[in-house]
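Structure first, then comments.
Values quoted throughout were computed directly from the atomic coordinates according to the rules given, and no laboratory measurement underlies them. The structure displayed is predicted, hence computed values, not measured ones. Glycine also receives a Cβ, built like all others from the backbone with ideal geometry; neighbour counts cover every protein chain displayed.
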Amino acid sequence: MTAFDDTAAAELARKDRAHALHPWGEVCPSADNGFMVEGDGAYIRDLEGHRLLDGVGGLWCVNIGYGRREMAEAIAAQVMRLPFYSAFIDTASIPATELSARLAEATPGDLSRVFLTTGGSTANDSAIRFLHFLFNRTGRAGKKHIITRADAYHGSTYLTASVSGKFSDLSDLDVLSDQVHHLPSVNPYRRPAGMSLPEFCDEKVADLERKILELGPETVAGFIAEPVLASGGVIVPPEGYHRRTLEVCRKYDVKYISDEVVTGFGRLGHLFASESVFDLVPDIITCAKGLTSGYVPLGAMILSETLCREASCGESAAFSNGFTYSGHPVACAAALTNIAILEREDLCGHVRRLAPYFMEHLGSLRDLPLVGDVRGMGFLAGVEFVADKTTARSLAPEVGIGKRIGAACRRRGVMVRPLGAAIGISPPLTIGREQIDILVSALRSSILEAADELTREGVRLAS
């Protein structure tokens, strides 16, 4: 590890505070950010030399773990061979073509046309734009409305922020409102008292159908949905929800976008989760994050052949959408190597085998007074905190319970992600039982510490 004395560390902090505007960060920061400087396997090391178990996987994405020399060598080799060439002028790179073919092999049904982007936001943005393109091309220009859900996150472009449903993120930002419609939350933990899970599923499916009929099917272009709502609190909709919402979409000619930016590439134990886990063959799948395990930025929109042929109307048709770095050859070489590692080491199988242990041990936290719900699947989990387990009474936002517990975990050598009144957990797929035990132990101690703090501060908690 590169050594940083106190003077050098202070100068780094000064530069960061003075010049860097961080995502979701203060415009004029009042406190220093931490610096992460090294990673190896499932661990990262900060500027002070602390070794931390990365229970966040970077940002739901470092699926193969840190420090993979094979990835570095593949990236370096492509940089020396051809670091970049534009895909705009009737050219293609070999890595982009090979990756497109590989993704088409892995996706369900006839999803076989791959549009490469720069990340998840641009993949989802492109998917929505393609639906508008499709309906403009086929004489149904009135089909413009997009239906999404509360607690959803689909990106940070103007369009994808508009279809995201984490409303606290958008309080001081403008969004599109006339063509975007948010359905009520699909969080089973927050269902009405006395309502069974099957009844809740019926109601959530009915929410979609009611909204389509309210707007008029002739005006609705698509429905976008994460299989598991990740940064909205790791919310797993009730069983059968995805298949049934797809049936509703088919009934009214509404196209279905499955946002697998988080759930793809092993996070739920399969390269793609839509069909393998949720019995769903959508019209479009979007992906990013685990596509390269975060080593370099890349995203993809994967379209069904049926959709593409419908949009072409039997003639030449250009989808005039793209990015300077669409299909970047270095990123595509990284993705191909990443997929090869996932398959060679059977990391998807590892997740399927170890996920029951992971979820069972996290579930042991339910005996703590602050823990209202533990949920998730694969190596994707969330813990929601409440003031009263019996009534599911929420803690006031100003308590900052997620941040408190996240900070306490970090002091114990584990990184988790605060998500308002919850924390998210998405470790590298390479972790083993011992590391799961470390993570859960740190969480337990941190939750107990937070409960003691709140009691001392006079916050009313149920005993």
- Note on the structure: Quick calc, D172 & C313: beta-carbon distance into FRET formula, R0 41 Å, rounding 0.05, result 0.45
- Note on the structure: In nanometres, the difference between 0.36 nm per residue of separation and the alpha-carbon distance of S276 and A9 is 91.4 nm
- Message: At 7 Å along Cα-to-Cβ for each site, give me the label-to-label distance between H19 and L448 in nm.
- Response: 4.6
- Note on the structure: A correct Karplus calculation of ³J(HN,Hα) over region 341-354, with 6.51 cos²θ - 1.76 cosθ + 1.60, θ = phi - 60°, whole Hz and x for Gly and Pro, returns 5, 3, 6, 4, 8, 6, 5, 5, x, 4, 4, 4, 6, 9
- Message: Run the reach check for K389 against lysines, Cα to Cα strictly under 23 Å, same-chain hits fewer than 8 apart removed. What comes back?
- Response: K403
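DSSP loop (so not H, G, I, E, B), at most 16 other Cβ within 10 Å: list which GluC sites (Glu not before Pro) in region 231-324 pass both filters.
E239, E315
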- Message: On a straight-distance basis, which lysines could pair with K144 in a cross-link, Cα separation under 16 angstrom, same-chain partners fewer than 8 positions away excluded?
- Response: K211, K255
- Note on the structure: Given unit charges at Cβ for Lys, Arg (+) and Asp, Glu (-), the dipole magnitude of the chain about its Cα centre in debye, nearest 20, is 280
- Note on the structure: The ³J(HN,Hα) series, computed from each phi in region 275-283 with the Karplus coefficients 6.51, -1.76 and 1.60 at θ = phi - 60°, rounded to the nearest Hz and given as x for glycine or proline, is 7, 5, 9, 10, 6, 9, 10, x, 7
- Message: Based on alpha-carbon centroids, what's the gap between region 105-122 and region 296-360 in Å, whole number please?
- Response: 5
- Query: For the chain, with the dipole built from +1 on Lys and Arg beta-carbon atoms and -1 on Asp and Glu ones, taken about the Cα centre, which of P188, A396, L116 lies farthest toward the positive end?
  - Reply: P188
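I'd like the FRET efficiency for R102 and R456, computed as 1/(1 + (r/R0)^6) with the beta carbon distance as r and R0 of 45 Å, rounded to 0.05.
After rounding to 0.05, the efficiency reads 0.25.
Can you tell me what share of the DSSP beta bridges in the chain is antiparallel? A percent to the nearest 5 is fine. Each step should come with its number before you reach the end.
Values: 33 of 49 bridges.
Approximately 65 percent, going by the DSSP bridge assignments.
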- Message: Suppose each label sits 7 Å from its Cα in the direction of the beta carbon; what would the A396-R129 distance come out to in nanometres?
- Response: 4.5
- Task: Among F265, F4, F200, rank each residue by its count of other Cβ atoms within 10 Å, from fewest to most, as a rough exposure measure.
- Result: F4, F200, F265
- Message: Give the lysines reachable from K289 as a straight Cα distance under 21 Å; neighbours fewer than 8 places away on the same chain don't count.
- Response: K166
- Message: Is the C-alpha gyration tensor of region 226-352 telling us rounded, prolate or oblate? Criteria: a/c under 1.5 is rounded; beyond that, a/b larger than b/c is prolate, otherwise oblate.
- Response: oblate
- Query: Once every DSSP H run of n ≥ 4 in the chain is given -39500 (n - 2.57) and the sum is divided by its residues, what mean residue ellipticity at 222 nm do you get, rounded to the nearest 500 deg cm²/dmol?
  - Reply: -12000 deg cm²/dmol
